[in-house]
1. Show the residue pairs meeting these rules: Cβ distance below 8 Å; 6+ apart or different chains; first residue within region 168-187 and of a type in the set (S, T, N, Q); second residue surrounded by 19 or more Cβ atoms within 10 Å (Cβ to Cβ) and assigned to a loop (DSSP other than H, G, I, E, B).
2. Exactly one of (1) buried (at least 24 other Cβ atoms within 10 Å of the Cβ); (2) over 27 Å from PHE429 (Cα atoms) is unmet by ALA411. Its number?
3. Are any residues in region 338-352 β-branched (Val, Ile, Thr), closer than 20 Å to ILE416 by Cβ and part of a helix (DSSP H, G or I), and if so, which ones?
4. Restricting the search to region 353-382, which residues are surrounded by fewer than 24 Cβ atoms within 10 Å (Cβ to Cβ) and part of a helix (DSSP H, G or I)?
5. So the check is Cβ under 9 Å with 6+ separation or different chains; which pairs have a first residue in region 14-32 that's farther than 15 Å from VAL382 by Cα and surrounded by 16 or more Cβ atoms within 10 Å (Cβ to Cβ) and a second one that's modelled with pLDDT under 80 and not hydrophobic (A, V, I, L, M, F, W, C)?
6. Any idea how many residues of region 190-206 are under 23 Å from the mean Cα position of the chain (by Cα) and either modelled with pLDDT under 95 or under 17 Å from GLN109 (Cβ atoms) (or both)?
7. Please work out which one of (1) among the hydroxyl-bearing types (Ser, Thr, Tyr); (2) surrounded by fewer than 18 Cβ atoms within 10 Å (Cβ to Cβ); (3) at pLDDT 85 or above is the condition SER64 fails and give its number.
8. Among the residues of region 132-145, are any touching a Cys at 6+ places or on another chain (Cβ under 6 Å), in a helix (DSSP H, G or I) and under 23 Å from LYS396 (Cβ atoms)?
Amino acid sequence: MNTIQIIATIIFAIGYLGIIFEYKSNLNKSAFAIITGGFLWILLALNTIFIHEDVSFLSSAIASSAGEIFDLLIFLICAMALVEILVRYQFFDLIRGLIYKLNLSDRKQFFLLIMITFLLSAFVPNLTITIVMVTIARKFFKGENFLVTVLAIVLASNAGGIFSPIGDVTNTMLWMAGKYSAEQIISMGFLPALAIVSVSTFLLSLKLKNDPIEHTNDLVYKLTRTEIIVVVTSIFSFILTFAMNALNLPPYLGLLIGLGIVWLEIDLFKQLSKRETHIEADIKNVFKNTDMASLQFFIGVLLAVSALEHFGVLQFIANILYGTDFNNTLRVIGGNVGLGLVSAVFNTIPLTAIAIKTLQATDPSLWVLLEITICSGGSLLVIGSSAGVIAMGLVKELTFDKYIKYAFVPAFVAFIAGIIVWYLESLIF
């Protein structure tokens with residue numbers, strides 16, 4: 001590692017420490033994230049100018065990073081707006097009422113919500129499923145039980161993306177790169193993913209407190225006609241993301257179109273409705289509830305990681321993990337496990353991209369292992385996955401130290417369990 005790479009790593013480490021100790025300093029983690037990302041890009045610019053490289057590289061590099069960030073931000077803004085609409089139109093209250101009919105304890109409700117999260121995250125982006133399931137969890141849990149449930153949701157959403165080629169961005173990248181077929185990732189990834197979510201959920205469930213079932217009279221068991229129309233259209237907007245992907249268009253375009261349709265519906269119903277209801281709320285108020293601090297945190301983290309990628313820091317890490325002998329299966333397995341541990345700190349997307357470029361393994365099972373370790377490794381720390389980062393923004397009680405306290409051991413044990421199940425599969429099949 002050369003001098004400039006060391007300096008860049010130190011800057012990232014300082015910003016990372018600021019994020020970690022937010023709860024002690026009372027300084028917002030978003031500020032540390034965007035300052036770190038900004039300083040790293042300034043350093044990259046100065047380094048490029050100083051060594052007399054082609055400065056046009058900077059324009060293409062920042063444009064590429066900005067494009068990735070734009071895609072994510074538009075997706076998040078639209079998803080948050082649609083979820084807020086579902087909240088206002090009592091969709092989650094309806095789910096709450098239906099589950100209350102089952103008369104389940106907190107513990108049983110916990111397992112039900114987590115398994116729903118795991119299964120849906122194989123088809124719905126983990127950002128979306130995290131936002132939705134955290135919103136639902138608020139209806140059922142409070143205090144420490146709510147925090148534990150949110151942590152389990154993060155781990156389950158990451159695990160669910162392992163066995164589906166569309167369940168996680170990294171999975172889609174490997175699938176589109178021809179590293180394995182859809183059948184291979186499903187057949188070889190499902191049992192490890194199930195082991196990961198089962199182990200982590202069980203260990204987290206041990207931290208639940210036995211709260212008595214809350215009896216309430218404000219439950220919703222049916223929606224009005226206009227509410228049903230708006231709710232169905234909002235849910236359909238998320239399904240549109242798959243259609244956009246099939247057309248090789250960005251998924252956020254489906255959310256944008258759906259949000260526009262919902263917007264028109266709400267304005268139309270406001271004019272047609274003769275009675276004053278919650279529908280009278282202007283949709284503009286929905287956007288006012290957007291958590292800008294969380295979005296800025298995303299921007300800062302992605303800027304910082306993309307800068308480190310251009311500095312060659314991530315490539316340096318990959319070279320250490322994999323070496324040059326890709327015929328050594330044990331070395332490749334060790335490298336995949338190591339990269340999974342690294343993904344607890346760095347964004348999984350650039351790490352996966354580097355692995356695709358540098359790892360010459362032809363055995364599909366080794367690439368499945370990479371997906372297993374990347375996804376489950378991202379659960380080790382709260383900033384290791386998009387689900388964890390968005391959960392931090394949605395839940396103020398979720399801090400870096402609380403994630404370590406409650407989720408690190410369950411996530412790590414689950415990480416090991418997933419690798420063991422993959423290894424046993426490789427021996428049998």
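1. Pairs that qualify, where the first residue is of a type in the set (S, T, N, Q) and the partner is surrounded by 19 or more Cβ atoms within 10 Å (Cβ to Cβ) and assigned to a loop (DSSP other than H, G, I, E, B), are THR170/GLY161; ASN171/GLY161; ASN171/ILE162; ASN171/SER164; ASN171/PRO165; THR172/PRO165.
2. (2)
3. If we filter region 338-352 for residues that are β-branched (Val, Ile, Thr), which is where we start, we get 342, 345, 348-349, 352.
Keeping just the survivors that are closer than 20 Å to ILE416 by Cβ gives 342, 345, 348.
Result: VAL342, THR348.
4. Scanning region 353-382 gives ALA353, ILE354, ILE356, LYS357, THR358, PRO364, SER365, LEU366.
5. Qualifying pairs under 9 Å: PHE32/GLU22.
6. As a first pass, look at region 190-206 and keep what is under 23 Å from the mean Cα position of the chain (by Cα): 190-205.
From what is left, the residues that are either modelled with pLDDT under 95 or under 17 Å from GLN109 (Cβ atoms) (or both) are 197, 201-202, 204-205.
Looking only at that region, the number is 5.
7. Result: SER64 passes all but (3).
8. Going residue by residue through region 132-145, those that are touching a Cys at 6+ places or on another chain (Cβ under 6 Å) are none.
The answer is no, given that none of the residues of region 132-145 is touching a Cys at 6+ places or on another chain (Cβ under 6 Å), in a helix (DSSP H, G or I) and under 23 Å from LYS396 (Cβ atoms).
The values are calculated or read from the model by the stated rules, or taken from the named source; none is laboratory data. Worth saying up front: this structure is predicted, and the values here are computed from it rather than measured. Virtual Cβ from ideal backbone geometry, glycine too; neighbours counted across all protein chains shown.
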